[in-house]
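The structure under discussion appears below in the form of structure tokens.
Every number here is computed from the coordinates shown, using simple stated rules; none is lab data. Please read all numbers here as calculations on a predicted model, not as lab measurements. As a convention, Cβ positions derive from the backbone with ideal geometry for all residues, glycine included, and neighbour counts pool all protein chains shown.
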Amino acid sequence: MQFEFSADFAKKMDEKDPLRSFRDEFHIPKKNGEEVVYFTGNSLGLQPKKAREIVNQELDDWAALGVDGHFEARNPWYAYHELFTEKTARLVGGLPHEVVMMNGLTTNLHLMMASFYRPESKRFKILCEKKAFPSDQYAIESQVKFHGYDPKDAIIEIEPDPETQLVDHNSIYEILEQQGDEIALVLIGGMNYYTGQLFNMETITRAARKAGVKVGFDLAHAAGNVKLDLHEWGVDFACWCTYKYLNSGPGSISGVFVHERHADKPDLPRLAGWWGHDKSERFQMKPGFKPIYGAEGWQLSNAPVLAMAPHLASLDQFDRAGMASLIEKAQLLTGYLEFVLKSVSEKAVNLEIEILTPESPEERGCQLSVFTHGQGKELFDKLTEEGVVADWREPNVIRMAPVPMYNSFMDIYRFGEILQSAAANG
Ligand SMILES: *Cc1c(COP(=O)(O)O)cnc(C)c1O
């Protein structure tokens, strides 16, 4: 694709975009009366207009029916989580009985580790990323301590290259080959939240399983962003949140994938609750936990319907758009952002932009993380002042995610113009 940094080009790209109408299905925040350039869908996705209606439906049914809503609401609450199953399975490449929506992401990481981090005499270590998202670091450390180990002995961290900040996959395979018999679990992010590097989950899974190691992925930055084929890849488990790329609202419900090979293991240790109990007996309130076949067997509590409702609106959009089309558009949008960043950097006198995120579309989603050499926080503040919503990380990294669901090529052109004038005045 031959990109041009011009309003005309951006406009033409938007006209040709088969997904362009989805933008109208979202509330776009405004600043000084104008729609902002929203590049933080990797942190909190925008609100689908349908979300309010779908939450209101549950509020109305609650008002009208009280407790009877459990069985008589238009979407009966006792089975509310089942409304997500088919579409979630398509989104992450799982079978319907391999997925369930429940809890928050970090909670689910703990629940999965309770089942799949089973340290034994020699095999007791967890292999994870060096600069994992803090919550994942705390979860992993506390699990290791919970089992009586010292994190210094039981956690192996994958070191990124100090120059590029990226992880060389070979370093993962080497560790698995050399120390595989000491590792109980590989748990890494499908995509690094800081650099935007996408890991090859398929080959990592293959290498881990060959070494007899369980493998789980935190898909916070991957779900709704990149192609996932969790069942085929053979991943043991995965968890994700739905408020980032999946546009389901602050703190919204998390998703879990558990591979079919663990579907029917009632003896697998787990932290259980009544919602994971065999459905036919759930309301008999009998002692003795009998897990539901598949991922639903890990549920603890009845569904938080009001928190889950916006995700129905969002999943419907993902299902209509289809991940394949979204990814096709994402590669164009992100490629265009990369082109615009380079164009501005070339012309600017006192700004040099260095992109940390890998160049290959195979190794990234829609996020680009960039160093702004020569300028710091004041540049970012100027962008913010002019209506660009991006994310700042010390010392001088800006993270931007033009998402295919609602961002336009015009957003990127406008951003380029704002960046150019902010850099010139810096
Ligand atoms: C966003 C994010 C989280 C957040 O965890 P919550 O439990 O949803 O608060 C955890 N891990 C990663 C990798 C993330 O990107």
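Each 5 Å bin from 0 upward holds the following percent of the Cα-Cα pairs of the range 75-320: 1, 6, 14, 18, 20, 17, 12, 7, 3, 1, 0, 0. For Met285, Met323, Met113, Met410, the sequence from fewest to most other C-beta atoms within 10 Å is Met285, Met410, Met323, Met113. Extending 7 Å from Cα along the Cβ direction at Ser171 and again at Arg206 yields two label points whose distance is 2.2 nm. A straight chain from Ala63 to Lys145 at 0.36 nm per residue would run longer than the Cα-Cα distance by 24.9 nm.
Averaging the sequence gap over all C-alpha pairs within less than 8 Å and six or more residues apart, then dividing by the number of residues, gives the range 75-320 a relative contact order of 25 percent. When only alpha carbons are used to place a centre, the range 332-359 and the range 104-172 end up 33 Å from one another.
Comparing Ser252, Ser314, Ser345 in a Gaussian network model of the chain where C-alpha atoms under 10 Å apart are linked, the largest mean-square fluctuation is found at Ser345.
Applying 1/(1 + (r/R0)^6) with r as the Cβ-Cβ distance of Glu157 and Asp181 and R0 = 22 angstrom yields a FRET efficiency of 0.75. Projecting the Cα atoms of Gly273, Ala220, Ile175 onto the charge dipole of the range 75-320 (Cβ charges, centred on the Cα centre) puts Gly273 farthest toward the positive pole.
Centre-to-centre, using Cα atoms only, the range 363-426 and the range 179-203 are separated by 28 Å.
Positive contributions from Lys and Arg (+1) and negative ones from Asp and Glu (-1), summed over other residues with Cβ under 14 Å from the Cβ of Leu332, come out at -2.
Give the shape of the range 209-298 as rounded, prolate or oblate, defined through the alpha-carbon gyration tensor: a ≥ b ≥ c are the square roots of its eigenvalues, a/c under 1.5 means rounded, and otherwise the shape is prolate if a/b is larger than b/c and oblate if not. Cα axes put the range 209-298 in the oblate bin.
Where does the chain land on the Kirkwood hydrodynamic radius, alpha-carbon pairs, in angstrom? Answer for the chain: a Kirkwood hydrodynamic radius of 22.8 Å. Mean sequence separation of contacting Cα pairs (under 8 Å, at least six apart), scaled by the length of the chain, corresponds to a relative contact order of 23 percent.
Taking Ala89, Ala295, Ala63 as the candidate residues, the one with maximal mean-square fluctuation in a Gaussian network model of the chain, Cα springs under 10 Å, is Ala63.
The modelled label-to-label distance for the pair Lys12/Ala424, using points 7 Å beyond Cα in the direction of Cβ, is 2.4 nm. Comparing Gly69, Gly104, Gly335 in a Gaussian network model of the chain where C-alpha atoms under 10 Å apart are linked, the largest mean-square fluctuation is found at Gly69.
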